[in-house]
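Participant: The structure that follows is given in the form of structure tokens.
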Amino acid sequence: MTKKTKLIKKTSKTFLLTGLFLALLSSIALYVYTKTLLESEVEEVLYSTEVRIVDALEKNHTLYSLPPVMEVKKVERLGKEILKDTIIYDPSEDEMELFRELSTYKVINGTNYQITIRNMVVESEDFLLAIVISNIAIFVLAFIFLFYFNTTRNLKLWSPFFKNLEQMKRFSLTSKVPIELIDSDVLEFSELKNEISLLTNKVRTDYESLKQFTEDVSHEMQTPLAIIQAKIDNIINEHEISDKQFEQITSIQKDIQRLKQLNKRITTLTKIDNSQFVNIENINLTDLINEKIESFKELQFVNLVHTSKKELSVSMDGYLADILINNLISNAIKHSKKEEDITIKTKDNFLIISNFGEKALVHPENLFLRFYRESNGYQSTGLGLAIVKKICDLYGFKISYQFEIDHHVFSIDFSK
Amino acid sequence: MKYLIAEDELDLQQSIVTYLQRDGNICEVASDFGEALEKAAIYDYDIIILDINLISGSGLDVLKTIKKEKKRSGVIIISANNSLTDKLEGLDLGADDYITKPFHLAELNSRINAVLRRGKYGGDEIMEFNEIRIDTKSRTAYIDGKAMPLTRKEYDLLVFFISNKGRVLSKEIIAEHLWGDDSDLLDNFDFIYVHINNLRKKLTAEGAKYIKTAYGSGYKFIED
């Protein structure tokens, strides 16, 4: 994934880069253009002076050299015309100055002359620099102004978009209230808003009906299950049946029991989704855990060890607290051997349950998903840990799983 | 005893009737809201088994009528909804017990017996079977007036057996009755043997040989 930049930052950046590029380009163009212009002006002066000197020589005027500006020499042979820059010491200014020099050879009235004309290049660099600087200054000023103008304008223009984006971030499937979006006079934003409204409403109603469906299904299943159960109870009492038939019937009863559990858990999940657990009370988890351990011990699970230095109290629904502890312990029982200890630790805001395991889970990230089972060894509903996660999410508790030194470790951080 | 079973699922209604009639009880049925309301208001029953979701009406309204008419019938609500609010509403309106579908008929029968005991003995809550006498309030069982030392589970088991005397109770039913949802943690019910055997030993020691094995892994509480 590439690094994400904010829209306004990005447009501003584009704006600034374009500005910089334009300023640079125009400055270069201006520089080249002015320089050429200045040079051609100087050359023009040189050539016109040359013409005037030649003219004067032709009319037999005596010309005195006037170095370094003008030198007229009689020479033996003619040379090539040279136009070049030269640096000559200017005693008046006591510095080296740049001159443009034109040196030509002319035959005037039978005599060969070398005419050298120089023109001090008027501090053209300074001019150029001044021009470029003022150009850049104009650009910078214009850009600062335009930048602020543009940014504020953009922010205003995009504000419905940003506000709606915030709303969408806050959108929750489980929320009963529909998402509130702002309309805009920009056609695209208005369209976007309408599409989002449509989409979120659709998603919400779909979710609602799906939830309702699950609830209805599990609810409707209770009655036929009750009928099956009642009929089975009567069969074993009314009829002469064989041991084998009895065995089969009790096996059916086990399946009914599983379906009962499944129904109950789906209903619990749906109820948590529907926020039907609103009673918040102060639950002493330490006591609850001890009670649970006692009742599990009656079921011959004597390998539960509760080590805690401090009492742990949590504000939550009592029924959910019971489910939370029960599911965590049941899970540990299901996945450990009776000879291995299941350790439950409570300390300030923390609950840690660990049980022996031969190897780490292959997909620990799926552990809290509904109907996820790592193995088929135990016929569980696959909902116990999903409910645990749901309860933790409801109250903002943080649950985590780790495999540490041959142990599966579940820990819940109750601090918010 | 005279029962009214207000349940619109006829199969379930008939199964309950069959189970209850075995003890020689009289069972009347109501298959919809109107019938349930009418029968509950006119006649007197010892126990009314009331489904909350009746066709064309709520069992809770029938319950309100029963209470308004000051009927002395015990009411046990049966519902597909196991939500706590429904349970509390039902109990607040004066129902004596609440049981969630699906349930074992033995469990329903056990609850009916508990309601009957409370109604009949006005709080003494005594249960008797030949020489066995159980004070359900103090949770003590006596044989020939001699208190029996029973563990909590053995006591629950004995009450469950006597409530469903003459009927077959499989280990699954017993496990569910004693441990509820947690019983699904057990991959086998061998340890129930332990509880049943301990109870059987204690009873047999006093000459009460009532627990019989039925079929492969069911039990029956019957006289010789």
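The values are calculated or read from the model by the stated rules, or taken from the named source; none is laboratory data. Just so it is clear, the model here is predicted, and its values are computed rather than measured. Using ideal geometry, Cβ is built from the backbone for each residue, glycine included, and neighbour counts are taken over all protein chains shown. The area values use the complete protein model at the heavy-atom level, side chains included, leaving out ligands, DNA and RNA. Shrake-Rupley method; radii C 1.70, N 1.55, O 1.52, S 1.80 Å.
Participant: Please state, rounded to one decimal and in Å, the Kirkwood hydrodynamic radius that the range A:46-173 gives when every pair of distinct Cα atoms enters the mean of 1/r.
Facilitator: Values: mean 1/r = 0.0493 Å⁻¹.
Computed over the range A:46-173, the radius equals 20.3 Å.
Participant: Select from A:Ile249, A:Ile53, A:Ile272 the residue whose mean-square fluctuation is largest in a Gaussian network model of chain A (Cα-Cα springs shorter than 10 Å).
Facilitator: In the Gaussian network model the winner is A:Ile53.
Participant: For chain A, what does the relative contact order come out to in percent, with C-alpha contacts under 8 Å and a separation of six or more? Walk me through the intermediate numbers first.
Facilitator: On the way: 468 pairs, mean separation 37.9, N = 416.
Result for chain A is 9 percent.
Participant: Find the percent of Cα-Cα distances in the range A:153-255 that exceed 22 Å, and round it to a whole number.
Facilitator: Numbers: 3080 of 5253 pairs.
When every Cα pair of the range A:153-255 is considered, 59 percent fall beyond 22 Å.
Participant: Please list, in chain and number order, the residues 5+ apart from A:Ser184 or on another chain whose amide H is under 5 Å from its amide H, with Hs placed from the backbone.
Facilitator: A:Ser190
Participant: Ignoring ligands, DNA and RNA, what percent of the accessible area of the range A:3-92 is carbon or sulfur (1.4 Å)?
Facilitator: Working: 4500 of 7030 Å².
Ligands and nucleic acids excluded, carbon and sulfur reach 64 percent.
Participant: Trypsin sites (Lys or Arg not before Pro) within the range A:119-202: which are DSSP loop residues with at most 10 other Cβ atoms inside 10 Å?
Facilitator: Working: sites: A:Arg153, A:Lys156, A:Lys163, A:Lys169, A:Arg170, A:Lys176, A:Lys193, A:Lys202; in loops: A:Lys176.
Those satisfying the criteria are A:Lys176.
Participant: Under 8 Å for C-alpha pairs, at least 6 residues apart: give me the relative contact order for chain B, rounded to a whole percent. Let's see the in-between values first.
Facilitator: On the way: 329 pairs, mean separation 26.6, N = 224.
Reported relative contact order: 12 percent.
Participant: Across the range B:9-14, in residue order, what do the Karplus-derived ³J(HN,Hα) couplings come to in whole Hz, using 6.51 cos²θ - 1.76 cosθ + 1.60 with θ = phi - 60° and x for Gly and Pro?
Facilitator: Those phi angles translate into 7, 4, 4, 5, 4, 5 Hz.
Participant: Pop a pseudo-label 7 angstrom from the Cα along the beta-carbon direction at both A:Glu93 and A:Val121 and give the gap in nm to one decimal.
Facilitator: 1.2
Participant: With everything on Cα atoms, drop me the angle between helix B:105-120 and the longest principal axis of chain B, reported from 0 to 90° to the nearest 10.
Facilitator: For helix B:105-120, the angle is close to 80 degrees.
Participant: What are the residues whose amide H is under 5 Å from the amide H of A:Asp90, where those residues sit 5 or more places off or on another chain and H is modelled from the backbone?
Facilitator: Under 5 Å from the amide H of A:Asp90 lie the amide H atoms of A:Glu95, A:Met96, A:Glu97, each far enough along the sequence or on another chain.
Participant: Then there's this: Enter the accessible area per residue of the protein assembly as shown (Å², integer; probe 1.4 Å; all protein chains in place). Don't jump to the answer; show the numbers that get you there.
Facilitator: Details: 34750 Å² over 640 residues.
Heavy-atom SASA per residue in the protein assembly as shown reads 54 Å².
Participant: Please compute, over every Cα-Cα pair in chain B, the percentage with a separation greater than 33 angstrom.
Facilitator: On the way: 4997 of 24976 pairs.
Above the 33 Å cut-off, chain B has 20 percent of its Cα pairs.
Participant: Moving on to the next point. Most mobile of B:Leu157, B:Leu88, B:Leu63 per a Gaussian network model of chain B (Cα springs, under 10 Å)?
Facilitator: Fluctuation is largest for B:Leu88.
Participant: Need one word for the range B:1-110: rounded, prolate or oblate. Basis is the Cα gyration tensor (sqrt eigenvalues a ≥ b ≥ c); a/c below 1.5 gives rounded, then a/b vs b/c decides.
Facilitator: Values: a/c = 1.38, a/b = 1.11, b/c = 1.24.
Verdict is rounded for the range B:1-110.
Participant: Sticking with this structure for a sec: How many square angstrom of accessible surface are buried between A and B, both sides summed, with a 1.4 Å probe and rounding to 100?
Facilitator: Numbers: alone 27260 and 11270 Å², together 34750 Å².
Accessible area lost upon association: around 3800 Å².
Participant: Grab every C-alpha pair in the range A:232-370, bin the distances at 10 angstrom width from 0 up to the longest one, and report whole percents.
Facilitator: 10, 28, 33, 19, 9, 2
Participant: Let me check against my output: what whole-number percent is the relative contact order of the range A:95-204, with C-alpha pairs under 8 Å and at least 6 apart? Write down the numbers at each step before the final one.
Facilitator: Working: 65 pairs, mean separation 16.1, N = 110.
Reported relative contact order: 15 percent.
Participant: Next question. Between the alpha-carbon centers of the range B:1-74 and the range A:14-62, tell me the distance in whole angstrom.
Facilitator: Spelled out, the Cα-based centre of one part sits 115 Å from the other.
Participant: Rounded to the nearest 500, what is chain B's calculated 222 nm mean residue ellipticity when only DSSP H runs of at least 4 contribute -39500 (n - 2.57) each, over all residues?
Facilitator: Working: 8 runs with 94 residues, N = 224.
Dividing the helical sum by the residues of chain B leaves -13000 deg cm²/dmol.
Participant: Compute a Gaussian network model of chain A, connecting alpha carbons closer than 10 Å, and tell me which residue from A:Asn290, A:Asn119, A:Asn263 fluctuates the most.
Facilitator: In the Gaussian network model the winner is A:Asn119.
Participant: Over the Cα atoms of the range B:128-224, how large are the radius of gyration and the largest Cα-Cα distance (Dmax), in Å?
Facilitator: Over the range B:128-224's Cα set, Rg and Dmax evaluate to 13.0, 39 Å.
Participant: Here's another thing I want to ask about it. Please compute the average number of Cβ atoms from other chains found within 10 Å of each residue's Cβ in peptide A:294-307. Walk me through the intermediate numbers first.
Facilitator: On the way: counts 0, 3, 3, 0, 8, 9, 5, 3, 0, 0, 0, 0, 0, 0.
Mean shielding count: 2.
Participant: Per DSSP H run of at least 4 residues, take -39500 (n - 2.57); add these up for chain A, divide by its residues and hand me the 222 nm value, nearest 500 deg cm²/dmol.
Facilitator: -19500 deg cm²/dmol
Participant: Could you list the residues of the range A:90-109 with an amide nitrogen less than 11 Å from a label point located 7 Å from the Cα of A:Val75 in the Cα-to-C-beta direction?
Facilitator: Counting backbone N atoms under 11 Å from the label point, the list is A:103-107.
Participant: Same structure, new question: Considering lysine pairs in the range A:130-238 that are 8 or more places apart or on different chains, how many have Cα atoms under 27 Å apart?
Facilitator: 14
Participant: Label the range A:329-412 by shape, choosing from rounded, prolate and oblate, from the square roots a ≥ b ≥ c of the eigenvalues of the Cα gyration tensor; if a/c is under 1.5 it is rounded, and otherwise prolate applies when a/b is larger than b/c, oblate when it is not.
Facilitator: Details: a/c = 1.67, a/b = 1.10, b/c = 1.52.
Since a/c reaches 1.5 but b/c is at least a/b, the shape of the range A:329-412 is classed as oblate.
Participant: Where a ≥ b ≥ c are the square roots of the eigenvalues of the C-alpha gyration tensor, would you call the range A:1-115 rounded, which needs a/c under 1.5, or, failing that, prolate if a/b is larger than b/c, or oblate? Each step should come with its number before you reach the end.
Facilitator: Working: a/c = 4.50, a/b = 3.53, b/c = 1.27.
Prolate, since a/c reaches 1.5 and a/b exceeds b/c.
Participant: Something else about it: Mind checking the mean number of beta-carbon atoms from other chains within 10 Å of the Cβ atoms in B:102-108?
Facilitator: On the way: counts 15, 7, 8, 8, 2, 2, 2.
Across the residues of B:102-108, the mean count of other-chain Cβ atoms within 10 Å is 6.
Participant: Span-like helices, chain A: DSSP H, alpha-carbon axial extent 15 Å or more, mean Kyte-Doolittle 0.0 or greater, which ones?
Facilitator: Details: long enough: A:7-58 (76 Å, 0.65); A:124-170 (64 Å, 0.66); A:187-238 (76 Å, -0.43); A:243-273 (45 Å, -0.98); A:285-298 (20 Å, -0.53); A:318-334 (24 Å, 0.74); A:384-395 (17 Å, 1.01).
Length and hydropathy pass: A:7-58, A:124-170, A:318-334, A:384-395.
Participant: Moving to a separate point now. What per residue convex hull volume, in Å³, do the alpha-carbon atoms of chain A yield? Show your work: numbers first, answer last.
Facilitator: Details: hull volume 139.4 nm³, N = 416.
Output value, Cα hull per residue: 335 Å³.
Participant: Shielding by partners for B:18-28, please: the mean number of other protein chain Cβ atoms within 10 Å of each residue's Cβ. All intermediate terms of the calculation are to be shown ahead of the outcome.
Facilitator: Details: counts 6, 5, 0, 0, 3, 0, 0, 0, 0, 0, 0.
Whole-number average of other-chain Cβ neighbours for B:18-28 is 1.
Participant: Any chance you could check the range A:244-258 for residues losing 20 Å² or more of accessible area when the partner protein chains are in, compared with the chain on its own (1.4 Å probe)?
Facilitator: Output list: A:Phe246, A:Thr250, A:Gln253, A:Lys254, A:Gln257.
Participant: When only DSSP loop residues count, what trypsin sites (Lys or Arg not before Pro) in the range A:353-411 have their Cβ near at most 14 other Cβ atoms within 10 Å? Intermediate results must be reported in sequence, preceding the final value.
Facilitator: Values: sites: A:Lys359, A:Arg370, A:Arg373, A:Lys389, A:Lys390, A:Lys398; in loops: A:Lys359, A:Arg370, A:Arg373.
Within the range A:353-411, the qualifying trypsin sites (Lys or Arg not before Pro) (loop, at most 14 other Cβ atoms within 10 Å) are A:Lys359, A:Arg373.
Participant: Give me the percent of DSSP beta bridges within the protein assembly as shown that run antiparallel, rounded to the nearest 5. Mind dumping the intermediate values first?
Facilitator: On the way: 69 of 92 bridges.
Looking only at bridges with both residues in the protein assembly as shown, the antiparallel portion is about 75 percent.
Participant: Can you list the HN-Hα couplings for the range A:345-351, worked out from phi with the Karplus curve (6.51, -1.76, 1.60; θ = phi - 60°), rounded to whole Hz and with x for Gly and Pro?
Facilitator: 10, 10, 9, 3, 6, 10, 10
Participant: Tell me which residues come under 5 Å, amide H to amide H, from A:Ile283 once H is placed; ignore anything under 5 positions away on its chain.
Facilitator: HN-HN under 5 Å from A:Ile283: A:Val314, A:Ser315, A:Met316.
Participant: Roughly how tilted is helix B:152-163, in degrees to the nearest 10 and between 0 and 90, from the longest Cα axis of chain B?
Facilitator: 60
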